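Asker: What follows is a single structure, and I will ask about it in a moment.
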Amino acid sequence: MDKASRLRRKIGAWRTFAAALVLLSVGLTVVVIVLALRDPGKSKPSTCGAKSKNKNFIDLSEPDKPGPFHDLTKYEMKRLREFLEKDPNIHIEPSETAMVNQSSLYTMDLYPAKKQDVLRYLDSGGPQPVRQARAMVFRGDLNPPVVEEYVCGPLPNVEECTLLKSDQRRNPVEFSLRPVSLQEFDAVYKIVLKEVDNKIGYILQESYGTSYHSCPPEECFKIYPSPLATNLVDDINMRRLWVWAEYNVEYYGLHPVDFGVLANLDGSDPKKYSVDKIWYHGQMFNSMDELIVGYNSSKIEKSKLKRPENTRDAFSSLNQRQDNPLPKEPLRPPTLVEPDGKRYTVKDRKIDYLGWSFHYRMSVLTGPSLWDIRYNGERIAYELSLAEIAVFYSADNEIQRITDFVDSGVLIGSHSKSMVPGGDCPESATFINQSFAGQSVAEPVELTKAMCLFENNNGYPLRRHLSYSTSEGGFYGGMLDSVLTFRSIMTIVNYDYVFDFIFHQNGVIETRVMSTGYISGSFFTDKERPYGFRTEENFIAPIHYHIFHFKADLDISGTSNTYETLDIETEKVTLLSVPNKEYYQTKFVRNVKNTEQEALYKFNFDTPKYHVVHNKNKKTKFEEIKGYRLALHGMSKQLLPEGVNSEKTIPWARHQLVVTKHKDDEQVSSSPYAMWDSLNPVTDFSKFYEDDENIDDEDLVFWIASGMHHIPRAEDLPLTTTVGNHLTFFLLPMNYFPTCPSVTSRDHIRIEYKDPKNPSEGVRVERNGNSYETCSMPNTAKDYDELLQENPDIVIESRLSRGIL
């Protein structure tokens, strides 16, 4: 080929290439124009739930006319306070000026109406019972001072407050047994600890490098209170409080020093509060003067501690450690998606979800509770609630040794707040606020995100079966366990308790509590070794016992119920197929409990049993019992001797299950005075069953105790984790339904042959009308973070003082 031909060929190739580039450019231009002209909404999936025909909705507003289970509304609380301030006999002081020696409102709560009146309203069209409130008033103005509790109504326009009367407890109550309050803590700090600083502040500075008052505020001691129960001092009118000293480092509870003050808080005049005893460097002193003599003469061993630095990587800090982050690069964790929106409705504090319905409350005194729980319109439980929390410690040192907390004494419900999306609950959860009233606030305080509600699947099947081979039938059927969870988290000083009420699609109700938060510990000495492990230079966390009490007022096919156990036993039989061969197997024997004391239950591995409640007049079509079973999966043994020391305040912990005849007078198993009242408990749960009433064919209440012994370890630092710390009990249908009620769920997936006679044609998948469409998630995390910039008090106290005690 000559040079000219080669040149022409090159020119032709370049022309072809250029033409192709032109066509490609035109095509790309057309694509860009088309994309630009398209509906931008179609360029990405719609927000989850936006296009759904879902008719569920969330309405968290307070109703004008609340029902019998609704917590006190802000309007009702405001009107009640106004009445109490004007009432000539009660005459509480305004919150801004109220003092210990005056009449002051401690708190108020809904006073539940009588059960039969409520059932008449719900089931028979009767009138709604009058709404009433329970008001707790500290009468520091009386001589002697007392605590009085009143029943006030009708709400919201209160006409009278009368002293609460009950056969199961006294009222008024000794002033020495009152729950702890911010007023009292303020007096301890300003009077008792000021006296300590004035007299032995130099000892504190030399020993610990700080004190209570004579120090920069950010470096002064933090205090941790431990009540001394009246049973230990043998005087119902003595009020003593140990106040531990701890370094103000995140978190102060993990930085105790070997110093504490036993404060004398007798009476209602804070000016008379004083120092009773001193604990210093492993030794008890009967007065500050005694300590001064020993210290100045060098006759006692002296402490010499250095204040720890408040660094980002301190062992007690909750900052993420950045030396070896996981994953190596930022990758967000899995999250929940609700592709068609919420499958539940909330209105007037009532929740409806896939056949379930119930009302929810947050009692300031006892915490979360559910009411009128129904499945497909049939009532399963009238009430399911937390009744009490307690934690009892052990130690060599005197302060931790007597630390027996009974938490209704610090208003359990008021400690659920500031739950964080993506940290405490899924980002898709519905967060619910809660309003309370109390001593230090003139107006009701609305605590944000006090509860959350969400649906999630547990990641495992509720039920499933695969018949893979043709000889087995060739099909699959199954569904994940998608549940609705109602959650609250109580942060009570150092510990955080997660309470869940979980509703499954097979008619099961699960109640769960998980423990997390900071452990409570002591200054380490060799004498503490029998009680715990040394986990830091000067820190040891001792063994302690967590115990929780729940109330389940069950109404299975009505209020006439019977409790029986199905006792599992072994039997010896003879095999017919193998002559003269003995064979052992198990069977169950039905055992109806006729009285309250017959029903008292302590777990025994040698006598396994089912706990069943049913209406003996309502049976299945095969004449079998139709009821519900209580499955207790959080049982533990309370080891302390009965009736000794602070055990008298928690007699409800003696049995894992107690069944009593319903009485409106026996609303709760403990009292807000139980932190102090061990010498003469205001509410003694053992008296609930002492009369040994008949419980066959009666309205029954089941009291469930769950607990665990905790021996802390290094991995409990900085926080105890919830894994391994789950306590649960279940309400499981027992022949209550003809089949598993989840068979109607659209969540079910079935896979079967297109033609059973010709499996080679393949399979079909049935998803019961559920869509394949995808959706985009709202940016909840970003929205929440931006909200905190505007209002940081949503999560931690920043600009407002919102204490409610």
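Asker: In sequence order, what are the phi-derived ³J(HN,Hα) couplings for region 692-706 according to the Karplus relation 6.51 cos²θ - 1.76 cosθ + 1.60 with θ = phi - 60°, rounded to whole Hz, with x for glycine and proline?
Answerer: Calculated HN-Hα couplings, in order: 6, 6, 5, 10, 8, 6, 10, 7, 10, 10, 10, 10, 10, 10, 10 Hz.
Asker: Probe radius 1.4 Å, ligands and nucleic acids left out: which of Ile351, Ile292, Ile711 has the largest accessible area, and how do the rest follow?
Answerer: So, going from the largest accessible area down, we get Ile711, Ile292, Ile351.
Asker: For Arg750, enumerate residues with amide H under 5 Å from its amide H, sequence gap 5+ or separate chain, H modeled in the peptide plane.
Answerer: Glu766
Asker: Using a 1.4 Å probe on the protein heavy atoms only, what accessible surface does Tyr584 show? Give it in Å² to the nearest 10.
Answerer: The accessible area comes out at roughly 150 Å².
Asker: Looking at this model, which pairs from Lys587/Lys621; Lys449/Lys609; Lys86/Lys271; Lys165/Lys619; Lys347/Lys417; Lys78/Lys449 are more than 30 angstrom apart at the alpha-carbon? Don't skip to the answer; put the middle values down first.
Answerer: Working: Lys587/Lys621 23 Å; Lys449/Lys609 40 Å; Lys86/Lys271 28 Å; Lys165/Lys619 40 Å; Lys347/Lys417 20 Å; Lys78/Lys449 22 Å.
Result: Lys449/Lys609; Lys165/Lys619 exceed 30 Å.
Asker: When the Cα atoms of region 109-169 are enclosed in a convex hull and the volume is divided per residue, what value in Å³ results?
Answerer: 99 Å³
Asker: Based on the Cα coordinates of the chain, what is the per residue volume of their convex hull in Å³?
Answerer: Taking only Cα atoms, the chain has a hull volume of 294 Å³ per residue.
Asker: Just by accessible area at a 1.4 angstrom probe, what is the order of Arg799, Arg81 from largest to smallest?
Answerer: Arg799, Arg81
Asker: Same structure, new question: Please list 3J(HN,Hα) in residue order for region 449-465, calculated via the Karplus relation 6.51 cos²θ - 1.76 cosθ + 1.60 where θ = phi - 60°; whole Hz, with x for glycine and proline.
Answerer: Working through the residues one at a time gives 6, 7, 9, 9, 9, 7, 10, 8, 9, 6, x, 9, x, 5, 7, 6, 7 Hz.
Asker: Given +1 on the Cβ of Lys and Arg, -1 on the Cβ of Asp and Glu, and no further charges, what dipole in debye does the chain carry about its Cα centre, rounded to the nearest 20?
Answerer: Dipole of the chain, to the nearest 20 debye: 4200 debye.
Asker: Sticking with this structure for a sec: Non-local amide H neighbours of Met451 (under 5 Å, H modeled in plane, Pro and chain starts lacking H): which ones?
Answerer: Ile432
Asker: Would you pull out the residues with amide H under 5 Å of Asp496's amide H, same chain only if 5 or more places away, H placed 1.01 Å from N?
Answerer: Residues meeting the amide H criterion: Thr516, Gly517, Tyr518.
Asker: If you don't mind, there's one more thing I want to ask. Can you show me the helix-derived [θ] at 222 nm for the chain, built from DSSP H runs with n ≥ 4 at -39,500 (n - 2.57) apiece and divided by the number of residues, rounded to the nearest 500.
Answerer: -4000 deg cm²/dmol
Asker: Using heavy-atom solvent-accessible surface (probe 1.4 Å) with all chains present, what is the largest-first order of Met777, Met734?
Answerer: Ranked list, largest accessible area first: Met777, Met734.
Asker: Per residue of region 557-568, what does 6.51 cos²θ - 1.76 cosθ + 1.60 with θ = phi - 60° give for ³J(HN,Hα)? Whole Hz please, x for Gly and Pro, Karplus curve as stated.
Answerer: Each residue's phi maps through the Karplus curve to give 6, x, 8, 8, 10, 10, 10, 9, 10, 9, 7, 8 Hz.
The values are calculated or read from the model by the stated rules, or taken from the named source; none is laboratory data. The structure displayed is predicted, hence computed values, not measured ones. A quick note on method: Cβ atoms are made from the backbone with ideal geometry, for glycine too, and the neighbour counts reach across all protein chains shown. Accessible surface areas use protein heavy atoms only, side chains included; no ligands, DNA or RNA. Shrake-Rupley method; radii C 1.70, N 1.55, O 1.52, S 1.80 Å.
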